[in-house]
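Report on one structure; see the data block that follows.
Just so it is clear, none of the values below were taken in a lab; they were calculated from the coordinates. From a predicted model like this one, the values you see are computed outputs, not experimental measurements. Neighbour counts run over all protein chains shown; Cβ positions are idealised from the backbone, glycine included.
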Amino acid sequence: MLYRDTGRKLVLALKHGDRQEIARPAGLWLATAVKDLVTANTLIAPVPLHWQRMIKRRYNQSALLAKVLAARVDRPMCPDLLQRYRRTRSLDGLGREDRVQAVKNAIRVHPRRRHRLIGRPVLLVDDVMTSGATLAACTRACLEAGSGPICVVTLARVAKDA
């Protein structure tokens, strides 16, 4: 969905409003959207939060979505495949280049999980895509660690005004 109006309200309620129950229907919807992308050996992974943000928020909304999606498509999920090991500032209000710089070298594959992705397709799950900078950083980390092809799915995306 587009990240505006009701779509924006849903994402913000899940992300900041502690409305975790939104993850179930949203994750089922994502599973329907990716059914033709998922192969027998696809590994599903959420976009990570930095541990300090995780403590503040208490949950990773992308991991909630990924868990429901993985159960629906009957594929494994690795909730900590990726680590955001460098704390980044909030990306709200930043342009594309500033977002790219903010997440540069901030995400890596968990060293104890690398064996799980070698040669395998990975499906990255996130709540919203604004510029694609975070998903690109996650993709880069997976590919550098030896993954197979990467696909991404998000609950919402920001659309530029025409």
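Run through every distinct alpha carbon pair of the chain and return the Kirkwood hydrodynamic radius in angstroms, one decimal place.
After inverting the mean inverse Cα-Cα distance, the result is 15.8 Å.
With n ≥ 4 as the cut-off for DSSP H runs, can you work out [θ] at 222 nm for the chain, using -39500 (n - 2.57) per run divided by the number of residues, rounded to the nearest 500?
-12000 deg cm²/dmol
For ASP5 and ARG19 in one chain, what is 0.36 nm times their gap in residues minus the Cα-Cα distance, to one decimal in nm?
So the chain would gain 3.3 nm between ASP5 and ARG19.
Around ARG114, under 14 Å between beta carbons, what's the net of Lys plus Arg minus Asp minus Glu among the other residues?
The answer is +3.
If Lys and Arg each add +1 and Asp and Glu each add -1, what is the summed charge of the other residues whose beta carbon sits under 15 Å from the beta carbon of VAL73?
+4
Between MET54, MET77, MET129, which gets the highest mean-square fluctuation from a Gaussian network model of the chain, Cα cutoff 10 Å?
It is MET54.
Given axes a ≥ b ≥ c from the Cα gyration tensor, I'd like to know whether the stretch 1-72 is rounded (a/c under 1.5), prolate (a/b larger than b/c) or oblate.
oblate
Estimate the FRET efficiency between TYR85 and LEU28 by the formula 1/(1 + (r/R0)^6), using the beta-carbon distance for r and 35 Å for R0, to the nearest 0.05.
0.65
Cβ under 11 Å from ALA23's Cβ, ALA23 left aside: what net charge do those residues give with Lys, Arg +1 and Asp, Glu -1?
That sum, taken over residues with Cβ under 11 Å, equals +2.
Give, rounded to the nearest 20 debye, the magnitude of the charge dipole that the stretch 5-157 has about its Cα centre when Lys and Arg contribute +1 at Cβ and Asp and Glu contribute -1 at Cβ.
480 debye
Which of ALA26, ALA70, ALA136 moves most in a GNM of the chain, Cα contacts under 10 Å?
So, out of ALA26, ALA70, ALA136, the one fluctuating most is ALA136.
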